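One structure is given below, encoded as structure tokens.
Values in this text are rule-based calculations from the coordinates and carry no lab data. Computed from a predicted model, the values in this text were never measured in an experiment. All Cβ positions, glycine included, derive from the backbone under ideal geometry; neighbour counts span all protein chains shown.
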Amino acid sequence: MQHYPEAFSKDKVGKWIQWNIDNYNKYNHGLWAVILKGGENFIGDRGITMQIIEKETVPELGFHIIKDYWNKGYATEAALACKEYAFRVLNYPKLFSYTTVQNIPSQRVAEKIGMQKYKVFEKNGEKQIAQVAVNTLNQ
């Protein structure tokens, strides 16, 4: 992935998988496969995980799309589906997304689904930008 600092080691992959399992066990949601309609082609993942943004645990929209499928609208389509699920099914009042400040494509995906800049913060020694969408369904 372009905006990950390095490939995960075998140990880190195991911890990441366990973290995802723990998210499902605790919150009943996590990451889901992105598969092309009408086929079996896995092109990435997307979903809602609980993340910490400056000491606050929040529902966060995440997505990872294989490079061959970038710029085809799949990330936006998947992100919008997650946003709708977060608001309609999970009834979260807000949904967040964050990425490195250099990851302009992911920031644009968040903007396309109605997210707005929330704050810039530091995580693991790197500047991140957080974006947020507010659930207006119950207003």
* **Complete set of residues in the stretch 80-100 that are within 15 Å of Gln51 (Cα to Cα) and either part of a helix (DSSP H, G or I) or touching a helix residue (DSSP H, G or I) at 6+ places or on another chain (Cβ under 8 Å) (or both)** => Ala86, Tyr92, Leu95, Ser97, Thr99
* Structure fact -> In the set Lys117, Lys83, the lone residue that is of a type outside the set (Val, Ile, Thr) and over 12 Å from the mean Cα position of the chain (by Cα) is Lys117
* Asked: Which of the residues spanning the stretch 101-133 are surrounded by fewer than 18 Cβ atoms within 10 Å (Cβ to Cβ), touching a helix residue (DSSP H, G or I) at 6+ places or on another chain (Cβ under 9 Å) and outside any loop (DSSP other than H, G, I, E, B)?
  -> Pro105, Arg108, Lys112, Gln116, Lys117
